[in-house]
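Q: Before we start, here is the structure in question, set down as structure tokens.
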Amino acid sequence: DQQVKQNSPSLSVQEGRISILNCDYTNSMFDYFLWYKKYPAEGPTFLISISSIKDKNEDGRFTVFLNKSAKHLSLHIVPSQPGDSAVYFCAAVSGNTGKLIFGQGTTLQVKP
Amino acid sequence: NAGVTQTPKFRILKIGQSMTLQCTQDMNHNYMYWYRQDPGMGLKLIYYSVGAGITDKGEVPNGYNVSRSTTEDFPLRLELAAPSQTSVYFCASSYSGDGYTFGSGTRLTVV
């Protein structure tokens with residue numbers, strides 16, 4: 001029972017273009033979502049988050065969009081850079097103890 | 001500026017052996033978590049703690065135990081290692097339940 005799903009295991013884009021990573025969730029009670037970035041042999045690092053009271057949050061090259069009716073969020077990276085090549089995890093906060101429910105991850109490759 | 005420190009970084013265990021994965025944070029965070037990551041899968045919550053002396057099960061607690069005697073430390077114990085516990089283990093902490101800081105992980109192989 002995967003409550004948070006990232007259906008694309010991998011994505012390849014050209015440097016300078018837009019990267020769009022998608023995430024779907026099933027539990028309408030989720031009200032806070034986060035994106036984490038993970039390099040090999042390192043722990044995940046926080047990238048950007050969004051509360052369910054918003055439909056967009058922007059931080060530099062990174063923008064997260066939330067569509068509550070569709071239970072869908074996406075991460076846009078513009079422009080993409082080779083250093084953005086990593087695994088990206090979408091996560092939803094479950095309850096008030098900070099437990100995170102993670103998606104399977106999407107491996108992004110940005111080609112020079 | 002250590003953040004969350006996990007030891008060891010790598011370990012190979014034989015079936016039936018036991019070991020403790022160590023996790024220490026120096027940020028005075030109340031919340032601490034243990035996750036495991038299997039290939040092609042997201043991170044799954046094993047156990048978590050909202051403060052010293054308080055622990056609770058996550059999604060996949062079977063085969064593991066934890067303790068939280070201090071704010072800083074949150075060790076994860078494997079009593080009888082099984083091949084299904086081959087995974088990468090991440091410890092994380094947060095101040096108020098968001099904005100996690102993760103450790104760099106422990107790669108465990110059970111043979």
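Q: Probe radius 1.4 Å, ligands and nucleic acids left out: which of A:F65, B:F10, A:F30 has the largest accessible area, and how do the rest follow?
A: Per-residue accessible area, sorted high to low, gives B:F10, A:F65, A:F30.
Q: Rounded, prolate or oblate: which one fits chain B, using the alpha carbon gyration tensor with axes a ≥ b ≥ c (rounded when a/c is under 1.5, else prolate when a/b beats b/c, else oblate)?
A: prolate
Q: May I pose another question? For the protein assembly as shown, with only Lys/Arg (+1) and Asp/Glu (-1) charged at the beta-carbon, what is the dipole magnitude about the Cα centre, in debye rounded to 20?
A: 400 debye
Q: Using a 1.4 angstrom probe on the protein heavy atoms only, line up A:K99, A:K54, B:K14 by accessible area, largest first.
A: Values: A:K99 55, A:K54 100, B:K14 135 Å².
Of A:K99, A:K54, B:K14, the descending order of accessible area is B:K14, A:K54, A:K99.
Q: Turning to a different aspect of this structure: Where Lys and Arg each count +1 and Asp and Glu each count -1, what net charge lies around B:E59 among other residues with Cβ under 14 Å from its Cβ?
A: +1
Q: Right, next: Please give me the summed charge of the neighbours of A:C23: other residues whose Cβ is under 14 Å from its Cβ, Lys and Arg +1, Asp and Glu -1.
A: On the way: positive: A:K5, A:K37, A:K68, A:K71; negative: A:D24.
Result for the local shell: +3.
Q: ³J(HN,Hα) across region B:28-33 via Karplus (A = 6.51, B = -1.76, C = 1.60, θ = phi - 60°), whole Hz, x for Gly/Pro?
A: Karplus-based 3J(HN,Hα) across region B:28-33 equals 6, 6, 7, 8, 9, 9 Hz.
Q: With +1 on the Cβ of every Lys and Arg and -1 on the Cβ of every Asp and Glu, and nothing else charged, how large is the dipole of region B:4-98 about its Cα centre, in debye rounded to the nearest 20?
A: 340 debye
Q: With respect to the cross-link table entries A:K56/B:K57; A:K71/B:K57; B:K14/B:K57; B:K9/B:K57, which display a Cα-Cα separation exceeding 31 Å?
A: A:K56/B:K57
Q: Under the rule of at least 5 residues apart or a separate chain, name every residue whose amide H is placed under 5 Å from the amide H of B:E72.
A: The list, which skips near neighbours in sequence, is empty: none.
Q: Can you list the residues of region A:25-72 whose accessible area drops by at least 50 Å² going from the chain on its own to the full set of protein chains, with a 1.4 Å probe?
A: Residues losing area: A:P44.
Q: So, one more: Might you work out the accessible area of B:V60 for me, using a 1.4 Å probe with all protein chains in place, and round it to the nearest 10 Å²?
A: About 50 Å², ignoring ligands and nucleic acids.
Q: So, counting K/R as plus one and D/E as minus one, what does the shell of residues with Cβ under 13 Å around A:A41 add up to?
A: Every neighbour counted, the sum reads +2.
Q: Can you list the residues of region A:90-112 that have at least 30 square angstrom less accessible area with all protein chains present than in their chain by itself, probe 1.4 Å?
A: Residues shielded by partner chains are A:T97, A:G98, A:K99, A:L100, A:F102, A:Q104.
Q: If you roll a 1.4 angstrom probe over the protein chains with everything in place, what fraction of the accessible area of chain B belongs to carbon and sulfur, to the nearest %?
A: For chain B, the apolar C and S fraction of the accessible surface comes to 51 percent.
Q: Here's something else I'd like to know. Am I reading the A/B interface right? What is its buried accessible area, both sides, 1.4 Å probe, to the nearest 100 Å²?
A: Protein heavy atoms only, the A-B interface buries about 1500 Å².
Q: Still on this structure, I have one more. Past 18 Å, Cα to Cα, is the threshold; run A:K37/B:K44; A:K5/A:K99; A:K38/B:K44 against it and keep the listed order.
A: Among A:K37/B:K44; A:K5/A:K99; A:K38/B:K44, the Cα-Cα distance tops 18 Å for no pair.
The values are calculated or read from the model by the stated rules, or taken from the named source; none is laboratory data. No experiment lies behind these values; they were computed from the predicted model shown. Neighbour counts are summed over all protein chains in view; Cβ atoms, including those assigned to glycine, are modelled from backbone coordinates with ideal geometry. Note: areas computed on protein heavy atoms with side chains; ligands, DNA, RNA excluded. Shrake-Rupley method; radii C 1.70, N 1.55, O 1.52, S 1.80 Å.
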